[in-house]
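The values are calculated or read from the model by the stated rules, or taken from the named source; none is laboratory data. Only a predicted model underlies this, so the values are computations on that prediction, with no experimental measurement involved. Note that we place each Cβ from the backbone using ideal geometry, even for glycine, and neighbour counts take in every protein chain shown. SASA here: full protein model, heavy atoms, side chains in, ligands and nucleic acids out. Shrake-Rupley method; radii C 1.70, N 1.55, O 1.52, S 1.80 Å.
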Amino acid sequence: MLLDLSQNEIEEYVVSLGFPKFRGGQVYDAIIQGKLLDETNLPRDLKSAMEEDYPHFEIVKKLVSKDGTIKYAFKMFDGEIIESVFMQYKYGNTLCVSTQVGCRMGCKFCASGLHGLKRNLSAGEILSQIVMANRDNGGNAKERKITNVVLMGSGEPLDNYDNVTKFFKLLEEKRGLLISQRNISLSTCGIVPNIKKLADDGFQVTLTISLHAPNDTIRKRTMPIANKYSMAEILDACKYYFNKTGRRVAIEYTLIKDVNDSEECAKELAEKLRGFSVHVNVIPLNYVKERDLKQPNSKDAYVFAGKLEKLGISATVRRTLGSDIGGACGQLRNSLMEGEV
Ligand code: SF4
């Protein structure tokens with residue numbers, strides 16, 4: 001797929017089809033703006049030569065919230081559906097993208113992993129979500145409507161390392177969407193070797209760890225990955241990342257009633273994170289109908305974050321956006337697969 005290629009590679013591809021190099025630049029511009037092949041002014045013989053390789057952009061569902069949040073379901077070339085969420089903040093617009101179709105990590109509070117992993121997304125397929133959402137919100141390559149990206153949709157980004165890191169490079173293309181790594185946040189459940197690899201390979205994205213527990217015993221109740229990597233190993237990898245990149249690490253803590261919301265949990269978490277440059281985002285659990293976990297009361301997340309703050313750990317409650325268009329990540333895709341939406 002041409003979206004997997006850099007501008008130079010597209011130029012080489014177009015030359016290999018027997019067309020001049022400058023046409024490659026035009027093809028690149030059209031793709032990055034999310035134009036369909038029929039919408040371009042390219043010569044007809046070039047269009048037919050590219051038909052198989054040119055991306056097929058398709059939004060199959062769009063839910064718009066009262067607060068401006070938009071949930072998209074996009075169709076990939078093989079018919080698989082993935083979802084992204086467009087969110088508006090004071091500092092700019094953020095797109096939360098998926099990195100895999102499904103996920104094999106099996107976290108109990110998450111709808112994305114309910115059907116396991118179908119396949120990895122290619123770098124271009126991850127990029128296509130930004131291209132489509134940018135265009136749908138009136139943006140183009142010069143006037144971008146998306147300034148920040150979070151890898152927090154379906155999939156574990158570090159389980160798809162090569163495609164995800166290639167995607168970072170595609171985003172930095174000069175004539176492309178030009179989103180720097182400092183405006184990208186990667187959320188992982190804690191694939192320790194790849195956290196270190198990310199630092200060793202010189203990437204500069206903001207690392208977010210989905211911790212969701214103050215110790216391994218509680219973590220194992222909701223996150224199977226905890227059987228493979230201990231919290232101590234994960235926190236050690238975070239320190240490694242911080243020391244190599246200078247980037248502060250964020251911790252995600254989904255608050256689940258009667259699982260990880262007690263006073264003792266706050267104390268234990270604060271103890272583990274002390275002396276460590278982190279910020280904790282407390283997120284009230286989103287209801288997932290297939291899972292047997294209880295949502296906390298509306299004020300509980302603020303109480304928990306307040307306790308952490310009192311214990312000297314920087315913490316805030318993540319503002320819930322788009323609550324009127326359906327909660328947890330992965331739910332739109334699942335309901336489309338089940339024919340509910
Ligand atoms: S929370 Fe993330 S890692 Fe866990 S199952 Fe969901 S998508 Fe996968």
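Estimated at 0.36 nm per residue, the fully extended path between residue 91 and residue 233 surpasses their Cα-Cα distance by 47.7 nm.
If contacts are Cα pairs under 8 angstrom and at least 6 residues apart, what is the relative contact order of the chain in percent? Display every interim value, and only then the final one.
On the way: 652 pairs, mean separation 51.6, N = 341.
In percent, rounded to a whole number, it is 15.
Would you work out the Kirkwood radius for region 98-204? I mean one over the mean of 1/r across all pairs of different Cα atoms, in Å.
Values: mean 1/r = 0.0695 Å⁻¹.
Evaluated over region 98-204, this radius sits at 14.4 Å.
For region 194-262, what percent of Cα pairs sit more than 14 Å apart? Percentage above 14 Å: 59. Hey, what did region 110-163 get for relative contact order, percent, Cα under 8 Å, at least 6 apart? 44 percent.
For region 233-238, backbone phi angles converted through the Karplus equation (6.51, -1.76, 1.60; θ = phi - 60°) give residue-by-residue couplings of 5, 5, 5, 5, 5, 5 Hz, Gly and Pro being listed as x. Each Lys or Arg adds one and each Asp or Glu takes one away; over the other residues whose Cβ falls under 9 Å from the Cβ of residue 204, this sums to +2. Heavy-atom accessible area, probed at 1.4 angstrom with all protein chains present, ranks 71, 90 as 90, 71, highest first. For the set 132, 152, 1, the ranking by accessible area, highest first and with no ligand, DNA or RNA atoms included, is 1, 152, 132 under a 1.4 Å probe. Evaluating 6.51 cos²θ - 1.76 cosθ + 1.60 at θ = phi - 60° for every residue in region 134-143, the Karplus couplings come out as 4, 5, 4, 9, x, x, 9, 5, 8, 10 Hz, glycine and proline recorded as x.
Using a 1.4 Å probe over the heavy atoms of the protein chains, calculate the carbon and sulfur portion of the accessible area of region 131-253 as a whole percent. Present the calculation step by step, with values, prior to reporting the outcome.
Details: 2080 of 4760 Å².
Carbon and sulfur atoms account for 44 percent of the accessible area of region 131-253.
With protein chains left intact and a 1.4 Å probe, residues in region 163-311 average 45 Å² of accessible area per residue. With the whole protein complex present, residue 147 retains an accessible surface near 40 Å², based on a 1.4 Å probe. Spread over its residues, the convex hull of the C-alpha atoms of region 91-131 is 87 Å³ per residue.
May I ask you to give the percent of accessible area on region 1-68 that is carbon plus sulfur, with a probe radius of 1.4 Å? Could the numbers behind the result be given before it?
On the way: 1740 of 3810 Å².
Answer for region 1-68: carbon and sulfur cover 46 percent of the accessible area.
With a probe of 1.4 Å, find how much accessible area region 1-87 has per residue, and write the answer as a whole number in Å².
Working: 4330 Å² over 87 residues.
That works out to 50 Å² for each residue.
Derived from the Cα gyration tensor, the three semi-axes of the equivalent ellipsoid of the chain are 37, 21, 17 Å, largest first.
Panel values: region 146-193, Kirkwood radius from alpha carbon pairs, Stokes-Einstein at 37 °C and 0.692 mPa s, translational diffusion coefficient 288 µm²/s.
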